[in-house]
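Reviewing the structure listed below.
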Amino acid sequence: MNNTCTTTPAKPHADTNADVADHDSQLALLICGAAVWMQRDLMHVIDLLDAQCRILRDLIKRLPRLARADRELLATLAQRIERQRLETLALIVTPDTLRRWYRQLVIAKWTHPPIGNPGRPPIDPTIAALAVRIARENPGMGSPGIALRLRHLGHAISASTVRRILRAHGIDPQPVRDHDRDWATFLEAHADQIAAIDFTTVETLERDGSLATRYALFAIHHGTRRVQLVGITTHPTSDWMAQQALNLTDGFDGFLSRRRFCIMDGDGTFSERFRSILAHAGVRPIRTPPQSPNCNAFMERFFRSIKQECLRRIIPLGEIGLRHAIQEYLAHYHTERPHQGLDGAIIDPAAGHTENATSDTPVICTSRLGGILRHYQRIAA
């Protein structure tokens with residue numbers, strides 16, 4: 001008995017493979033179409049952005065400097081684009097600039113920041129300012145002396161460091177600096193031995209209604225700025241001036257008894273007789289050149305103060321009224337008025353300055369000459 005087995009080709013399987021192939025081809029066509037559409041839409045967006053960039057580039061003649069973060073962003077994005085394409089896209093900077101920025105970005109990645117600053121630490125500005133102050137206030141002191149004084153103040157630096165500090169501030173070394181003192185330093189050093197005298201004229205109203213010109217002679221001490229009213233007269237005769245010279249050089253309470261120099265102008269009232277009395281008492285008269293008020297600046301500055309603050313604001317009634325006004329102003333000048341030439345200090349602080357006063361204590365006002373001169377101070381605690 002023969003068993004015959006007949007094999008029939010699997011047609012349904014062949015049809016299935018054909019269907020799958022057909023489906024894949026359709027899907028590929030669909031994907032290609034979508035990609036083409038997306039690329040065309042992306043190109044439209046790129047063209048629009050490119051047109052805007054070009055318009056802005058033409059409007060802005062000089063582009064602002066880009067920040068570091070912006071440069072790094074452009075350099076990173078430009079690295080992904082080929083050179084030929086980059087030639088047409090780089091509108092703000094050139095492709096070479098973008099490449100250079102990228103190289104700098106790579107270098108920065110592999111460059112480690114330094115740990116601390118090399119070399120010696122810089123000099124503290126406070127120490128440098130103190131060294132400069134000591135040098136300027138002491139022209140005869142050298143760098144070793146300044147270094148020793150700084151060491152006593154708690155700043156241990158060497159003399160060579162002091163020399164570098166002074167050189168950086170344009171201060172000469174000690175031998176040169178010692179011979180470069182100015183007149184202000186010289187006069188300040190000798191101020192205790194210098195005085196000055198001068199006249200000022202004031203018109204007073206007399207009993208009969210007439211005006212009388214009175215000459216008020218003042219003396220000022222350069223060191224303390226103390227002022228004394230020497231005398232008032234309508235006729236500064238030679239005898240009157242001689243008597244004032246004797247009063248000024250009196251050994252007991254004369255204003256010039258402990259002075260060596262007295263500055264005065266070339267007025268004829270300061271006669272040979274007047275000057276010889278001063279010289280005999282050991283006070284050397286120094287006459288200023290003609291028309292040079294700056295040579296007697298302290299006296300001129302006092303005249304300006306007393307006229308502006310007092311004499312031009314009152315009507316002096318005779319010599320008695322003038323003398324009273326001057327005495328009141330001198331009391332205010334010595335005990336109540338701060339002075340710029342003394343860094344705001346008062347000449348006689350024991351009488352005019354309130355001790356132990358705090359910012360919470362009340363402020364009181366005292367006045368002179370009916371309120372023309374006023375002084376404010378706090379009540380002592």
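The values are calculated or read from the model by the stated rules, or taken from the named source; none is laboratory data. Since we're looking at a predicted model, the values are computed, not measured. Cβ: placed from backbone, ideal geometry, glycine included. Neighbour counts: every protein chain shown.
Residue-wise test of (1) modelled with pLDDT under 90; (2) touching a strand residue (DSSP E or B) at 6+ places or on another chain (Cβ under 9 Å); (3) basic (Lys, Arg); (4) part of a helix (DSSP H, G or I).
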| site | (1), (2), (3), (4) |
| --- | --- |
| HIS235 | no, yes, no, no |
| GLN243 | no, yes, no, yes |
| GLY251 | yes, no, no, no |
| PHE255 | no, yes, no, no |
| ILE263 | no, yes, no, no |
| PHE270 | no, yes, no, no |
| ARG275 | no, yes, yes, yes |
| ARG312 | no, no, yes, yes |
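If a residue has to be part of a strand (DSSP E or B) and either under 30 Å from ALA345 (Cα atoms) or not assigned by TED's automatic domain parsing to the domain that holds THR269 (or both) to count, how many in the stretch 190-214 make the cut? Break it down into steps so the answer makes sense when it comes.
Our first condition is that a residue be part of a strand (DSSP E or B); within the stretch 190-214, this holds for 194-205, 211-214.
With either under 30 Å from ALA345 (Cα atoms) or not assigned by TED's automatic domain parsing to the domain that holds THR269 (or both) added as a condition, the list becomes 194-202.
So the answer is 9.
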Original post:
Taking helices (runs of 4 or more DSSP H) that fall entirely within the stretch 90-163, which contain at least 1 residues that are within 36 Å of the chain's Cα centre (by Cα), at pLDDT 75 or above and surrounded by 12 or more Cβ atoms within 10 Å (Cβ to Cβ)?
Top reply: 125-137, 143-152
**OP:** Output the qualifying pairs, or none if there are none: Cβ atoms under 8 angstrom, residues six or more apart or on different chains, first residue in the stretch 151-175 and farther than 15 Å from GLY140 by Cα, second residue of a type in the set (Asp, Glu) and outside any helix (DSSP H, G or I).
**Re:** HIS155/ASP124
**OP:** Write out, first by first residue and then by second, each pair whose Cβ atoms fall under 9 Å of each other, whose residues are 6+ apart or on separate chains, and whose first residue, in the stretch 240-264, is under 15 Å from PHE274 (Cα atoms) and in contact (Cβ under 8 Å) with a residue 40 or more places away in the chain while the second is assigned to a helix (DSSP H, G or I) and among the aromatic types (Phe, Trp, Tyr).
**Re:** ILE263/PHE298; MET264/PHE274
**OP:** State the number of residues belonging to the stretch 202-222 that are among the small types (Gly, Ala, Ser) and surrounded by 15 or more Cβ atoms within 10 Å (Cβ to Cβ).
**Re:** 3
Subject >> Flag for ILE232 being in contact (Cβ under 8 Å) with a residue 60 or more places away in the chain, touching a Phe, Trp or Tyr at 6+ places or on another chain (Cβ under 6 Å) and assigned by TED's automatic domain parsing to the domain that holds HIS280 >> reply: no
